[in-house]
Amino acid sequence: MAMTIASASTEPRPGGVRGRTAELRALREQAERGPSEKATAAQHAKGKLTARERIALLLDGGSFREVEQLRRHRATGFGLERKKPYTDGVVTGWGTVEGRTVFVYAHDFRIFGGALGEAHATKIHKIMDMAIATGAPLVSLNDGAGARIQEGVSALAGYGGIFQRNTKASGVIPQISVMLGPCAGGAAYSPALTDFVFMVRETSQMFITGPDVVKAVTGEEISQNGLGGADVHAETSGVCHFAYDDEETCIAEVRYLLSLLPQNNRENAPRVPCDDPADRRTEDLLDLVPAEGNRPYDMTKVIEEIVDDGEYLEVHERWARNIICALARMDGQVVGIVANQPRALAGVLDIEASEKAARFVQMCDAFNIPILTLLDVPGFLPGVDQEHGGIIRHGAKLLYAYCNATVPRISLILRKAYGGAYIVMDSQSIGADLTYAWPTNEIAVMGAEGAANVIFRKRIAEAEDPEAMRARMVKEYKSELMHPYYAAERGLVDDVIDPAETRQVLIDSLAMLRTKHADLPSRKHGNPPQ
């Protein structure tokens, strides 16, 4: 027996285990190689990477485990039965980013233009279900031409399954959509349902109806990028949270964002060692922020001064610039920062700023990220367009988001905090855990000039020198109702702090609130303003 074994051929036999294994390797190589070198060259010629090249950039080296690599469609008609490539145009699986599990699917534009058919959709459904069940983030690398028309309504039903799972996963696991090619029609609704949307300039577009349809219906002529390119969605529509010039930078930033997020809604964001001293004094703040309420300054400089190593990731940086939403770390702990930006529209709240901040607050609350609000707000933007555009209901979105949030919430009033905008921006009265103010704070129903004109209208009108009387009444109103300690004396501010101690005070407060637990009333869900 021993001699028989020793003398047996080691060459693979058809039908034997070695032969079947060699066959498997050949099939895998074929699936990984893709349809042809010509198709790969065409993809690269457009300035785009292949699906597998993108996955390799996203995940830690050697960590990707593919699911259903050998899946093929079973559709017939229109020549489909003669073209049945492996993967069916989408690569699905999981791997790690900085050692933590992440699920991913990537459209392969080289196969059917990345269009979605029944088998293609089923693969995506499966990986989404796995991500939800295991509690790990889901990243979609989108580069598809929409529904596979040859498969008819089956393809449309596949999108329905994706939308349903996007909604089921909302607030449970982080969902990130990375737009690396076209995304038209109903397909665009999946990214819109996710937490973050990344786009690459020139090569990615999103729209419901393309330029040809727009021209046919309205007569307007516009390019694909002009209609739904990265800059349009980053600056005008607000659909895109991050826009970059190339895929490599874009995917690197996706990895960075993932490092700031928890795996799911049952965990906290990862904490990292911090070399930036928690008790570092922030003396530069004394000169960064002018005491005069009508002088602009850059709030991002304030953020850089108080967060770890001056690093933060701004969300929706180019849309609604009068408010800042950012993720950063303080003493190694991730925090979400909402801040008025006096450099843009004087930091007022308007429709777009309210929507931007509301969605960010909801995201932070869903994923257990404490919220720090930096106030310097003169009020809501007045105007017919704002009122007719629904500033009441849009502003209420931000109010609802803050009131509904159960994570640690800290507010800091730097200068102005006027009227309803003060209340909406996480004031103590709507549930902020701690409210601090600098000695430059002015908390009031409105600015002193406007208040004096209302309260002392008659006295000013009857005075021999109305302007002198107005100035006198403004000064009197400020001294009575707008001095820096007025709110603190009434318990509406927990403490007035030295700006140089801002970082230490905030970090100490976050540490105390780390074990905060708050329950909302039992209900199916709220009915937020729309």
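The values are calculated or read from the model by the stated rules, or taken from the named source; none is laboratory data. Since we're looking at a predicted model, the values are computed, not measured. So basically every Cβ, Gly included, is an ideal-geometry build from the backbone, and we count neighbours across all protein chains shown. These accessible areas exclude ligands, DNA and RNA; they are computed on the full protein's heavy atoms, side chains included. Shrake-Rupley method; radii C 1.70, N 1.55, O 1.52, S 1.80 Å.
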For the chain, what is the calculated [θ] at 222 nm in deg cm²/dmol (nearest 500), taking -39500 (n - 2.57) for each run of four or more DSSP H residues and dividing by its residue count? -11000 deg cm²/dmol
State, as an integer percentage, the relative contact order of segment 372-501 based on alpha-carbon contacts under 8 Å between residues 6 or more apart. 26
Could you state the angle between the C-alpha long axis of helix 118-134 and the longest principal axis of the C-alpha atoms of the chain, as a value from 0 to 90 degrees rounded to the nearest 10? 60
In degrees rounded to 10, the 0-90 angle between helix 153-169 Cα long axis and the longest Cα principal axis of the chain is 50
Whole-number percent relative contact order across segment 214-309, with pairs defined as alpha carbons under 8 Å at least 6 apart: 12
How many Å² of accessible area per residue for segment 209-307, probe 1.4 Å? 52
So how compact is segment 247-332: Cα radius of gyration and Dmax in angstrom? 15.4, 44
By DSSP, what percent of the beta bridges with both residues in the chain are antiparallel, rounded to the nearest 5? 40
Note on the chain: contact order normalised by length, alpha-carbon pairs under 8 Å, 6 or more apart, percent, works out to 9
Which links in LYS83/LYS126; LYS301/LYS397; LYS168/LYS301; LYS168/LYS397; LYS83/LYS168; LYS46/LYS123 stretch past 31 Å when you go from one Cα to the other? LYS168/LYS301; LYS83/LYS168
Exposure ranking of TRP319, TRP94 by accessible area [1.4 Å probe, largest first]: TRP94, TRP319
Of every hundred units of 1.4 Å-probe accessible area on the chain, the number belonging to carbon and sulfur atoms, as a percent, is 53
If the reach is capped at under 14 angstrom between alpha carbons, list the aspartates and glutamates near LYS478, excluding any in the same chain fewer than eight residues apart. GLU292, GLU442, GLU449
Need one word for segment 187-307: rounded, prolate or oblate. Basis is the Cα gyration tensor (sqrt eigenvalues a ≥ b ≥ c); a/c below 1.5 gives rounded, then a/b vs b/c decides. oblate
Treating only the Cβ of Lys, Arg, Asp and Glu as charged (+1, +1, -1, -1), what charge dipole size does the chain show about its Cα centre? Round to the nearest 20 debye. 2600
If the cut-off is 24 Å between C-alpha atoms, which lysines fall inside it for LYS475, apart from same-chain ones fewer than 8 positions away? LYS416, LYS458
Most packed first (mean Cβ within 10 Å per residue), the peptides 45-51, 121-127 order as 121-127, 45-51
To the nearest 10 degrees, the tilt of helix 502-513 (Cα long axis) against the first principal axis of the alpha carbons of the chain is 60
Can you check how the C-alpha radius of gyration of the chain compares to 2.2 N^0.38 Å, as a plain ratio? 1.18
Separation between Cα centres of segment 156-234 and segment 71-150, rounded to whole Å: 17
Modelled FRET efficiency - R0 25 Å, GLU221 with LYS46, Cβ distances, 0.05 increments: 0.60
Please compute the per residue accessible area over segment 473-520 with all protein chains in place, 1.4 Å probe, rounded to a whole number of Å². 56
